[in-house]
Amino acid sequence: MNIILVGYGKMGKAIEEIAVAKGHTIVLKIDLDNAHELNAENAAKADVAIEFTSPHSAFNNVVKCLEIGIPVVCGSTGWLDQFEAARQLCEQKKGTLVYASNYSIGVNLFFEINTQLAKLMSKHPDYDVSMEEIHHTQKKDAPSGTAITLAEQIMESISKKKQWVNAPSTKEEELSIISERIDPAPGTHKIKYSSPIDDIEIIHTAHNRKGFAGGAVLAAEYAVQHKGVLGMKEVLGL
């Protein structure tokens, strides 16, 4: 598989290491100084693009990939207010867009556990739910995209929670997410259900970026074989 890396920061380098170890080839690395090289001519040399940049550039990069006809796996967070436009363009172009707030296989299993736990806890209103997330100081968005996904899953089942807030809150209708930025933490997410009697917690802690990078390469392998707007549920068959 021939891959274009869009974004060559720490995640891009981690993806490169795993992709090459699996026998894939990086045919082009796009960064700030050569963004113009993400074009149809270079796309013709590749099977897929993997995009990890920033909230400010992700949407434009996704659009460019779809317009030049290359499947794109996007791991940038903080741009989901524009996701529907990306979805419509993907469907219009009959292209492929894989998006996940987190590509780690462990995190995606954690998503499933979170969903099931929220369903169970919806029958026990004595418990209040809150969240914490910790990332490295270079993380540009807060709360993390993973935390937002977890919060949305909780709110689907816990009807009293109407919105999440990125601050402590005592309001029943608000789901509090506390964000901390501490180096060198790759990512920790904690969901806590508290009652006067006891607490229930589930926690996912990443030890390094390899889980995210490995999942992104797995998603790219899936993307070259499938069309449409996809996520890790499809990639992992969940």
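The values are calculated or read from the model by the stated rules, or taken from the named source; none is laboratory data. Model, not experiment: these values are computed from the prediction. Reconstructed Cβ throughout: ideal geometry from the backbone, glycine too, with neighbour counts over all protein chains shown.
Within segment 147-183, how many residues turn out to be farther than 18 Å from residue 195 by Cβ and in contact with a helix residue (DSSP H, G or I) (Cβ under 6 Å, 6 or more places away or on another chain)?
Residues flagged as farther than 18 Å from residue 195 by Cβ and in contact with a helix residue (DSSP H, G or I) (Cβ under 6 Å, 6 or more places away or on another chain) within segment 147-183 amount to 4.
Considering each residue of segment 189-202, count those that are surrounded by fewer than 18 Cβ atoms within 10 Å (Cβ to Cβ) and either touching a Ser or Thr at 6+ places or on another chain (Cβ under 6 Å) or among the aliphatic types (A, V, I, L, M) (or both), and give that number. Show your work before the answer.
If we filter segment 189-202 for residues that are surrounded by fewer than 18 Cβ atoms within 10 Å (Cβ to Cβ), which is where we start, we get 190, 192, 194-202.
Of the ones still in play, those that are also either touching a Ser or Thr at 6+ places or on another chain (Cβ under 6 Å) or among the aliphatic types (A, V, I, L, M) (or both) are 192, 197, 200, 202.
Residues meeting the conditions: 4.
With the structure loaded, tell me whether residue 176 is of a type in the set (Ser, Thr, Tyr), part of a loop (DSSP other than H, G, I, E, B) and more than 24 Å from residue 99 (Cβ to Cβ) or whether it fails that test.
no
Assigned to a strand (DSSP E or B) and hydrophobic (A, V, I, L, M, F, W, C): is that true of residue 97 in this structure? Write out each step before concluding.
On the way: assigned to a strand (DSSP E or B): yes; hydrophobic (A, V, I, L, M, F, W, C): yes.
Here the answer is yes, as residue 97 does meet what is asked.
Would you please list the contacts, defined by Cβ atoms under 8 Å and residues six or more apart or on different chains, that run from a residue in segment 55-82 that is touching a residue at least 12 places away in the same chain (Cβ under 8 Å) and farther than 15 Å from residue 141 by Cα to a residue that is of a type in the set (Val, Ile, Thr) and surrounded by fewer than 18 Cβ atoms within 10 Å (Cβ to Cβ)?
Filtered contacts from segment 55-82: 71/224.
Every residue in segment 113-133 that is more than 25 Å from residue 83 (Cβ to Cβ) and of a type in the set (A, V, I, L, M, F, W, C), please.
Listed by number, the residues that qualify are 117, 120, 121, 129.
What's the number of the condition residue 203 fails, among (1) over 21 Å from residue 76 (Cβ atoms); (2) assigned to a loop (DSSP other than H, G, I, E, B)?
(2)
Quick check on this structure: which one of 109, 66 is assigned to a helix (DSSP H, G or I), of a type in the set (A, V, I, L, M, F, W, C) and within 20 Å of residue 238 (Cβ to Cβ)?
Residue meeting the stated conditions: 109.
Using the structure shown, decide if residue 205 is under 29 Å from residue 24 (Cβ atoms) and touching a Ser or Thr at 6+ places or on another chain (Cβ under 8 Å).
Criteria met by residue 205.
Taking interchain pairs and intrachain pairs at least six residues apart, which have beta carbon atoms under 8 angstrom, with the first residue in segment 83-95 and within 12 Å of residue 62 (Cα to Cα) and the second loosely packed, with under 14 Cβ neighbours inside 10 Å and among the β-branched types (Val, Ile, Thr)?
Matching pairs, first to second residue: none at all.
Please tell me if residue 52 is of a type in the set (A, V, I, L, M, F, W, C) and not assigned by TED's automatic domain parsing to the domain that holds residue 229. So that I can check it myself, show each step before the final result.
Values: of a type in the set (A, V, I, L, M, F, W, C): yes; not assigned by TED's automatic domain parsing to the domain that holds residue 229: no.
Here the answer is no, as residue 52 does not meet what is asked.
Mind listing whichever residues of segment 85-94 are basic (Lys, Arg) and part of a helix (DSSP H, G or I)?
Answer for segment 85-94, where residues must be basic (Lys, Arg) and part of a helix (DSSP H, G or I): 87, 93.
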